[in-house]
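Visitor: Here it is, the structure, as structure tokens.
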4 protein chains.
Amino acid sequence: MKLTTAGESHGKGLFAILEGFPAGLKLDLTRIDGELARRRGGHGRGARQNIECDRVEFLSGVRDLVTLGSPLALTVKNRDYENWKGCMAPEGCDASARPLTAVRPGHADLAGTEKYELKDARNILERASARETAVRVAAGTVCRLLLEKLNIFVAGYVRSVGSVCDEKEYTYAQILSQRGKDLCMADAEKELEAIELIDRARAAGDTLGGVAELRVIGLKSGFGSCMTYEEKLDARLCAALMSVQAIKGVEVGLGFSAAGRFGSEVHDEIFAENGKRIRKTNRAGGIEGGMSNGEELVLHAAMKPIPTLMKGLRTVDIVTGEPVIAAAERSDVCAIAACETVLESVLCTALAQVVLERLGGDTVAQLAARYEAL
Amino acid sequence: MKLTTAGESHGKGLFAILEGFPAGLKLDLTRIDGELARRRGGHGRGARQNIECDRVEFLSGVRDLVTLGSPLALTVKNRDYENWKGCMAPEGCDASARPLTAVRPGHADLAGTEKYELKDARNILERASARETAVRVAAGTVCRLLLEKLNIFVAGYVRSVGSVCDEKEYTYAQILSQRGKDLCMADAEKELEAIELIDRARAAGDTLGGVAELRVIGLKSGFGSCMTYEEKLDARLCAALMSVQAIKGVEVGLGFSAAGRFGSEVHDEIFAENGKRIRKTNRAGGIEGGMSNGEELVLHAAMKPIPTLMKGLRTVDIVTGEPVIAAAERSDVCAIAACETVLESVLCTALAQVVLERLGGDTVAQLAARYEAL
Amino acid sequence: MKLTTAGESHGKGLFAILEGFPAGLKLDLTRIDGELARRRGGHGRGARQNIECDRVEFLSGVRDLVTLGSPLALTVKNRDYENWKGCMAPEGCDASARPLTAVRPGHADLAGTEKYELKDARNILERASARETAVRVAAGTVCRLLLEKLNIFVAGYVRSVGSVCDEKEYTYAQILSQRGKDLCMADAEKELEAIELIDRARAAGDTLGGVAELRVIGLKSGFGSCMTYEEKLDARLCAALMSVQAIKGVEVGLGFSAAGRFGSEVHDEIFAENGKRIRKTNRAGGIEGGMSNGEELVLHAAMKPIPTLMKGLRTVDIVTGEPVIAAAERSDVCAIAACETVLESVLCTALAQVVLERLGGDTVAQLAARYEAL
Amino acid sequence: MKLTTAGESHGKGLFAILEGFPAGLKLDLTRIDGELARRRGGHGRGARQNIECDRVEFLSGVRDLVTLGSPLALTVKNRDYENWKGCMAPEGCDASARPLTAVRPGHADLAGTEKYELKDARNILERASARETAVRVAAGTVCRLLLEKLNIFVAGYVRSVGSVCDEKEYTYAQILSQRGKDLCMADAEKELEAIELIDRARAAGDTLGGVAELRVIGLKSGFGSCMTYEEKLDARLCAALMSVQAIKGVEVGLGFSAAGRFGSEVHDEIFAENGKRIRKTNRAGGIEGGMSNGEELVLHAAMKPIPTLMKGLRTVDIVTGEPVIAAAERSDVCAIAACETVLESVLCTALAQVVLERLGGDTVAQLAARYEAL
């Protein structure tokens, strides 16, 4: 299975092809559009999100809402393309309109214009934008529906927003039941604190990032590999998370804090209980030796603050060479809740890929039977 | 370019094929064996490291120490294979000898035996062992020599050992000049503290991990991609680091701490100086929008403590189902210095791959000319 | 560079994403639509081709007709989707409508229904249909435009239709100047014979295939590889040609007839002429040792006759198990001229891929400079 | 599963890594060495073949002759390396010794020296040589043993040697029982004719090629894909065959002759017999719509005559620019029988890859159960 995406932020829309997906999965459009709505939400988002009332449309690979085994083509249209046509239309437009020459720190602008030898960052930012994640959420939700057929479930929540950090531990059930308020945090009080912090940041023209926790239940042991370095589950999942715009760090289980402890405080001992092997801790985050070990997967990803600040960052105009203040094309203050949705989707895609590589399966029924038999 | 590795910990040796490598690189065996020696070193290592007086041998792809453009086959032999032959020989042996049934927490043992339906973890641990990294260091050093032809240099040091953490900032030059003592730390005082901590851990039968910092200088802007999520430089480099045994977290630049700050404290403003664009900070760690931005690359990786403790961890025997204490097959207390060497090598390989994909180049001379022309 | 396609024969359309394509190529829509028109043409085509007045539409990766470096999404819509909506719509339809249970010999029908455990071949034939090649022609023409910037040109013609075979040799210029009549043959007399044969086949309710010759000029030496078997130019180009529906054989240069001759009649001797190395023959078809050798590429591909015969083939109904006559859903008698267009496009795509892998190139200008410097 | 090969013709040996291979396959070294012997055989071979008394050695991935699931490293040593050490040793030698400047037509010499900007073709020919196929035969035989566990069997024979062509049809059983004489032909009389032809060619200082037929029994339907062009079984198998040195054409079933017939003479009608669907013909060669259809696979590959002629071919010295006669470094007259062995091996590898991608399978037992359940 492979997911390929395309599309510019102000172009016709986002597009994706998901190939190698098994036949026979019943899709639930409400579910997909629901995830797309989650991706636009969260306290701290700007005006753009209202424009983006995103809906998925399947272009191929699906018939009467059931996957065919052929490649799925899908799109999430850009609602404001009509307003940008004159500047963005593939078939003809004024490509010198709406230039961006004050390259924005923290964005792809500078490196991109250098790479493609441009005097205008428009062609770079249109694709580098996190708008691209809309179609990754749509495709990721298709993958999520597949995983759910195997009783593998993925959820997440926001652990911290800027300096406001929730250090408590939650069960998977708690995450699901408590999640879904303004910031996707699990503790109501912490969420209020975080909202306040965001409001303060907005007032100061500043921005915030945060940390998301991702959890997976129902994944049996042995996914990934201890045999080839490229197939290690942790390496693959972390690459997936790190490929999301603005992510600067990823960790599995205790992650960085494991490095600060003694071995006796880090490893998950194994016990016998009613003829089964069980663990009482899960500091490994469900991955040992590059493979799932049958415990819950626990991963963290750190998102940097939105790099477009209303108060402006100093930069240089790449045409004039003069010092200028970077423009704020969008006005989000904090997008960690949305990012958490994206991370879940991306994780679903990566997991579905790993599952399909191990089990094959032309149809969902075959796949489910093989998973059951493990 | 692709690196494929093979080999068991107590088998004949480790093997690798490096294909797609350009012709015309003069190899320096001393340099490669030197890195192999660095990989065995560091305060806190056990007796096994003395056995492993590793040397690289090239089997193909090289003639009179110059690469041919054909695939490089290389090996690092296992010096104690003679003692393990009876139990490990491919062509015939007693494969029931030296079984491991008390699956060790923190290792691949349990997940591996479940995956391959085994009653003995020997076949799993032989490959899952970090011994595999010996040949990744050898191949990675070949890649390093190539990068150096482009004036790209990679170095690293140990930032923390258990709770002993060095928070200071170092220039690339400082790292090189100060590094190379017992633990590869950059601060002599901190290193003494760390050594003491390791000695205490050893006395307690416990183990330690740590954090390494990796740095790259000389990498021009535009490597990686803002166009396709799989080609993002941060995603690719983090996958490479995460593929190293025992790594549980990776970050770029400020990493997780970026999530705790305001945007105005995170992004690197751009200034004009003598007609050039410069940065006064490098919190991004040299990557923006999935591409190198021309600044130094700065990455961190967190290594968990060695999961084999002399004082033993509780586990279950997979044959008898009885609770037992996991055996300590090797006696390292802390391997973060060695791990740092491995991380540098793995980073060199991943970077060389990215460079070759962007520039092509049948020969080193062509590659260097194209890099120069960027 | 990678081309991914999607789309069903009677669905909304055909879709493709072309990723890794350099920035800065000016597209010529007339050229692309012209190739799409060529793909529908040729004496012997049925009524369906009139419906398919295909036009390419770019959805992303292009702005004002210039490629951006971002993935190109493109579509060729299905004009008769409106009539098929009730049976094919992804978002809801009667998926039991228009079943095909009399699996057609020579098609994917039988193997496909077995693979996906279906009692109706509709889901199979919709994707397996050669309709998919429309979008491969569109994308292939984009690649052709890129190759032409490097002065690499691809052309082809029909060498045989059924038993009517043109054994003469043509220069590249002759192919271009003489081609383009009803069947894309190079000899007017032979073409008349072939047209007659097609008319006779049509009268008999039968079908015909043929052989196409593909030629490439301007390709410098050294593309492909003698170092790794998967990178051999002949293996890659033949896989590309063989991936076109109905192709049953491919050959390079003399191909099968080389096997019937003595070595002294097969190899192309090398001569010195004005300080240059030249060849007086090109029996190798421009490939030696898995690499281009600087001569013209010459390849042949054999297309089997259309497997849907008006006079019907005997088969079995997969629901009833009863013997039946396979239905003729389309009425082409011979599609070799169209197939020749497809083969050219597919060859352009494969060549562009090989060129980009060797030379890299973020922009067309960089790529052209590197090609020139070879 | 992926097979990577390395090694030069006169270097230490040939090396390969086969990764992604399931655990639990019992290897049969006699079988592998037997195929290596077959590869050296056949009337028309030169003196070199006696030197090459090849034997496989497993370096990793195998324990007591059973595969572990870890990557298999294997080698076929070069017996005459001792004589070439001074000229070829990776760790130091006289790399200007034994130069080849009279680039040989039909070989990689000219294109290779141009690509790598060399004045001596030694570095090219060492890797481009068909000697590389020794390790592909060894690895391919490992794959064959795996296929046999699924009751998939591969065999082949020589259909023609130069102008001597055997047009008869054989059952799989006949091929096996009749094969194995001097030239691997199935008709004793034809083989005598062919031997005579080879002797005449030898006397004339000339060389010959031929055509091999490959057959696969036991492959169930649905392998390959009608959904994505790169996964088509015919495209993949033909790429594999075409990657063998000296192959200039490949075809499936009727292949090129299908293009010369009417559709009614080409397609394999389907009949009901005792509740089963059967075919009375197999002109498709077992592949329809890019998938196996449950019939025998039938493929042909055309080998060009050996390009090194004792009577010499005219060429140009790349150092002096003077016309010279290409040297004959080896003295085979015809290697089609050996090539047939190589083609079988390569086909086994490609088929095993396709099978593993569809079915997954960590162990041979799992794989066999899934194949059985199809």
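The values are calculated or read from the model by the stated rules, or taken from the named source; none is laboratory data. Remember, it's a predicted structure, so these values are computed and weren't measured experimentally. Positions of Cβ are generated from backbone atoms using ideal geometry, with glycine treated the same way; all protein chains shown enter the neighbour counts. Note: accessible area is taken over every heavy atom of the protein model, side chains too, but ligands, DNA and RNA are not part of it. Shrake-Rupley method; radii C 1.70, N 1.55, O 1.52, S 1.80 Å.
Visitor: I'd like the residue in region B:214-229 that is open to solvent by 10 Å² or more (accessible area, probe 1.4 Å) and farther than 30 Å from residue A:16 by Cβ and, out of all such residues, is nearest to the other protein chains (Cβ to nearest Cβ).
Guide: Filtering first and then ranking leaves B:220.
Visitor: Right, here's the next one. Out of B:28, B:54, I need the residue that is of a type in the set (Asp, Glu) and more than 30 Å from residue C:226 (Cα to Cα). Which one? Show your work before the answer.
Guide: Details: B:28 fails: more than 30 Å from residue C:226 (Cα to Cα).
Unique residue meeting the criteria: B:54.
Visitor: Let me ask something additional. Which numbered condition trips up residue A:125, out of (1) closer than 29 Å to residue C:26 by Cα; (2) in contact with a His (Cβ under 6 Å, 6 or more places away or on another chain)?
Guide: (2)
Visitor: Assuming residue A:258 fulfils every condition listed in (1) farther than 26 Å from residue B:321 by Cβ; (2) more than 9 Å from chain B (Cβ to nearest Cβ) apart from one, which condition is it?
Guide: Among (1) farther than 26 Å from residue B:321 by Cβ; (2) more than 9 Å from chain B (Cβ to nearest Cβ), the lone unmet condition for residue A:258 is (2).
Visitor: Only one of (1) buried (at least 19 other Cβ atoms within 10 Å of the Cβ); (2) at pLDDT below 95 is not met by residue B:182, so which one is it?
Guide: Of (1) buried (at least 19 other Cβ atoms within 10 Å of the Cβ); (2) at pLDDT below 95, only one is false for residue B:182: (1).
Visitor: Next up: Tell me the residue from D:236, D:200 that is open to solvent by 10 Å² or more (accessible area, probe 1.4 Å) and either aliphatic (A, V, I, L, M) or facing chain C (nearest Cβ under 9 Å) (or both), please. Spell out how you get there, then give the answer.
Guide: Numbers: D:200 fails: either aliphatic (A, V, I, L, M) or facing chain C (nearest Cβ under 9 Å) (or both).
The unique qualifying residue is D:236.
Visitor: With away from chain A (no Cβ under 14 Å), touching a Ser or Thr at 6+ places or on another chain (Cβ under 6 Å), of a type in the set (Gly, Ala, Ser) and closer than 26 Å to residue B:150 by Cβ as the only criterion, which of B:23, B:37, B:16 stands out? So that I can check it myself, show each step before the final result.
Guide: On the way: B:37 fails: touching a Ser or Thr at 6+ places or on another chain (Cβ under 6 Å); B:16 fails: away from chain A (no Cβ under 14 Å).
So the residue among B:23, B:37, B:16 that is away from chain A (no Cβ under 14 Å), touching a Ser or Thr at 6+ places or on another chain (Cβ under 6 Å), of a type in the set (Gly, Ala, Ser) and closer than 26 Å to residue B:150 by Cβ is B:23.
Visitor: So, in region A:70-83, how many residues would count as being surrounded by fewer than 23 Cβ atoms within 10 Å (Cβ to Cβ) and either at pLDDT below 95 or in a strand (DSSP E or B) (or both)?
Guide: Summing the residues that are surrounded by fewer than 23 Cβ atoms within 10 Å (Cβ to Cβ) and either at pLDDT below 95 or in a strand (DSSP E or B) (or both) in region A:70-83 gives 3.
Visitor: Does region A:253-267 contain any residue that is touching a strand residue (DSSP E or B) at 6+ places or on another chain (Cβ under 6 Å), without any contact (Cβ under 8 Å) to a residue 12 or more places away in the chain and in a helix (DSSP H, G or I)? So that I can check it myself, show each step before the final result.
Guide: To start, the set of residues in region A:253-267 that are touching a strand residue (DSSP E or B) at 6+ places or on another chain (Cβ under 6 Å) comprises A:253, A:255-256, A:258-259.
Now drop any that are not without any contact (Cβ under 8 Å) to a residue 12 or more places away in the chain, which leaves A:256, A:259.
Narrowing the set further to residues that are in a helix (DSSP H, G or I) leaves A:256, A:259.
Yes, because at least one residue in region A:253-267 is touching a strand residue (DSSP E or B) at 6+ places or on another chain (Cβ under 6 Å), without any contact (Cβ under 8 Å) to a residue 12 or more places away in the chain and in a helix (DSSP H, G or I).
Visitor: For residue C:129, all conditions in the list (1) touching a strand residue (DSSP E or B) at 6+ places or on another chain (Cβ under 9 Å); (2) within 13 Å of chain D (Cβ to nearest Cβ); (3) touching a residue at least 60 places away in the same chain (Cβ under 8 Å) hold save one; what is the number of the exception?
Guide: The single condition residue C:129 does not satisfy is (1).
Visitor: When region A:348-365 is examined, which residues are found to be surrounded by fewer than 22 Cβ atoms within 10 Å (Cβ to Cβ) and among the polar types (S, T, N, Q)?
Guide: Hits for region A:348-365 are A:353, A:363.
Visitor: Quick check: is even one residue across region B:87-110 away from chain A (no Cβ under 14 Å), touching a strand residue (DSSP E or B) at 6+ places or on another chain (Cβ under 6 Å), closer than 26 Å to residue D:118 by Cβ and buried (at least 23 other Cβ atoms within 10 Å of the Cβ)?
Guide: No: region B:87-110 contains no residue that is away from chain A (no Cβ under 14 Å), touching a strand residue (DSSP E or B) at 6+ places or on another chain (Cβ under 6 Å), closer than 26 Å to residue D:118 by Cβ and buried (at least 23 other Cβ atoms within 10 Å of the Cβ).
Visitor: Is it the case, given these coordinates, that residue A:235 is in contact with a Phe, Trp or Tyr (Cβ under 8 Å, 6 or more places away or on another chain), of a type in the set (Gly, Ala, Ser) and not in a helix (DSSP H, G or I)?
Guide: Numbers: in contact with a Phe, Trp or Tyr (Cβ under 8 Å, 6 or more places away or on another chain): yes; of a type in the set (Gly, Ala, Ser): yes; not in a helix (DSSP H, G or I): no.
For residue A:235, the condition - in contact with a Phe, Trp or Tyr (Cβ under 8 Å, 6 or more places away or on another chain), of a type in the set (Gly, Ala, Ser) and not in a helix (DSSP H, G or I) - is not met.
Visitor: Still on this structure, I have one more. Quick check on my filter: what residues within region B:188-235 are of a type in the set (D, E, K, R) and farther than 25 Å from residue B:176 by Cβ?
Guide: If we filter region B:188-235 for residues that are of a type in the set (D, E, K, R), which is where we start, we get B:189-191, B:193, B:196, B:199-200, B:202, B:206, B:213, B:215, B:220, B:230-232, B:234.
B:196, B:199, B:200, B:202, B:206, B:230, B:231, B:232 - these are the residues of region B:188-235 that are of a type in the set (D, E, K, R) and farther than 25 Å from residue B:176 by Cβ.
Visitor: Residues in region D:111-124 that are touching a helix residue (DSSP H, G or I) at 6+ places or on another chain (Cβ under 6 Å) and either facing another protein chain (nearest Cβ under 7 Å) or open to solvent by 10 Å² or more (accessible area, probe 1.4 Å) (or both): how many?
Guide: Going through region D:111-124 one residue at a time, the tally reaches 2.
Visitor: Shifting gears a bit: Give the number of residues within region A:141-165 that are surrounded by fewer than 21 Cβ atoms within 10 Å (Cβ to Cβ) and part of a helix (DSSP H, G or I).
Guide: Here is the first cut: in region A:141-165, the ones surrounded by fewer than 21 Cβ atoms within 10 Å (Cβ to Cβ) are A:145, A:148-149, A:151, A:153, A:155, A:163, A:165.
Filter again for part of a helix (DSSP H, G or I), leaving A:145, A:148-149.
Result for region A:141-165: 3.
Visitor: Next up: Given the options C:345, C:264, name the one that is at pLDDT 95 or above and surrounded by fewer than 22 Cβ atoms within 10 Å (Cβ to Cβ).
Guide: Criteria check complete, one pass: C:264.
Visitor: Right, next: Can you name the residue in region C:352-366 that is in a helix (DSSP H, G or I) and touching a helix residue (DSSP H, G or I) at 6+ places or on another chain (Cβ under 6 Å) and, of all such residues, is farthest from residue C:241 (Cα to Cα)?
Guide: Kept after step one, since they are in a helix (DSSP H, G or I), are these residues of region C:352-366: C:352-359, C:364-366.
Applying the additional criterion that residues be touching a helix residue (DSSP H, G or I) at 6+ places or on another chain (Cβ under 6 Å) yields C:352, C:359, C:364.
Working: C:352: 14, C:359: 23, C:364: 26 Å.
Restricting to residues being in a helix (DSSP H, G or I) and touching a helix residue (DSSP H, G or I) at 6+ places or on another chain (Cβ under 6 Å), the top hit is C:364.
Visitor: May I pose another question? Would you tally the residues in region C:163-187 being within 14 Å of chain D (Cβ to nearest Cβ) and not charged (D, E, K, R)?
Guide: The total comes to 5.
Visitor: From the list D:230, D:196, D:213, D:148, which one is more than 30 Å from residue D:358 (Cβ to Cβ) and not small (Gly, Ala, Ser)? First the steps, then the outcome.
Guide: Details: D:230 fails: more than 30 Å from residue D:358 (Cβ to Cβ); D:213 fails: more than 30 Å from residue D:358 (Cβ to Cβ); D:148 fails: more than 30 Å from residue D:358 (Cβ to Cβ).
None of the other options fit; the residue is D:196.
Visitor: Would you point out the residue of region C:274-327, among those that are on the phi > 0 side of the Ramachandran plot and either more than 7 Å from every other protein chain (Cβ to nearest Cβ) or in contact (Cβ under 8 Å) with a residue 24 or more places away in the chain (or both), that is surrounded by the fewest Cβ atoms within 10 Å (Cβ to Cβ)?
Guide: First, the residues of region C:274-327 that are on the phi > 0 side of the Ramachandran plot: C:274-275, C:285-286, C:289-290, C:294, C:312, C:321.
Remaining after also requiring either more than 7 Å from every other protein chain (Cβ to nearest Cβ) or in contact (Cβ under 8 Å) with a residue 24 or more places away in the chain (or both): C:274, C:285-286, C:289-290, C:294, C:312.
Details: C:274: 5, C:285: 28, C:286: 27, C:289: 30, C:290: 26, C:294: 19, C:312: 17.
Among those that are on the phi > 0 side of the Ramachandran plot and either more than 7 Å from every other protein chain (Cβ to nearest Cβ) or in contact (Cβ under 8 Å) with a residue 24 or more places away in the chain (or both), it is C:274.
Visitor: Could you tell me whether residue B:190 is away from every other protein chain (no Cβ under 13 Å) and outside any loop (DSSP other than H, G, I, E, B)?
Guide: Values: away from every other protein chain (no Cβ under 13 Å): yes; outside any loop (DSSP other than H, G, I, E, B): yes.
Considered against the rule, which asks whether it is away from every other protein chain (no Cβ under 13 Å) and outside any loop (DSSP other than H, G, I, E, B), residue B:190 comes out as yes.
Visitor: Here is a follow-up. From C:30, C:75, grab the single residue that is farther than 20 Å from residue C:124 by Cα and either within 8 Å of chain A (Cβ to nearest Cβ) or of a type in the set (Phe, Trp, Tyr) (or both). Give the derivation first.
Guide: Working: C:30 fails: either within 8 Å of chain A (Cβ to nearest Cβ) or of a type in the set (Phe, Trp, Tyr) (or both).
So the residue among C:30, C:75 that is farther than 20 Å from residue C:124 by Cα and either within 8 Å of chain A (Cβ to nearest Cβ) or of a type in the set (Phe, Trp, Tyr) (or both) is C:75.
Visitor: Still on this model: Could you tell me whether residue A:177 is surrounded by fewer than 18 Cβ atoms within 10 Å (Cβ to Cβ) and closer than 23 Å to residue A:347 by Cα? If you could, list the steps in order and put the result at the bottom.
Guide: Working: surrounded by fewer than 18 Cβ atoms within 10 Å (Cβ to Cβ): yes; closer than 23 Å to residue A:347 by Cα: yes.
So residue A:177 passes the test.
Visitor: Taking region A:12-69, which residues are out of contact with any helix residue (DSSP H, G or I) (no Cβ under 8 Å at 6 or more places or on another chain), open to solvent by 10 Å² or more (accessible area, probe 1.4 Å), in a loop (DSSP other than H, G, I, E, B) and modelled with pLDDT of 95 or more?
Guide: Passing the criteria: only A:64.
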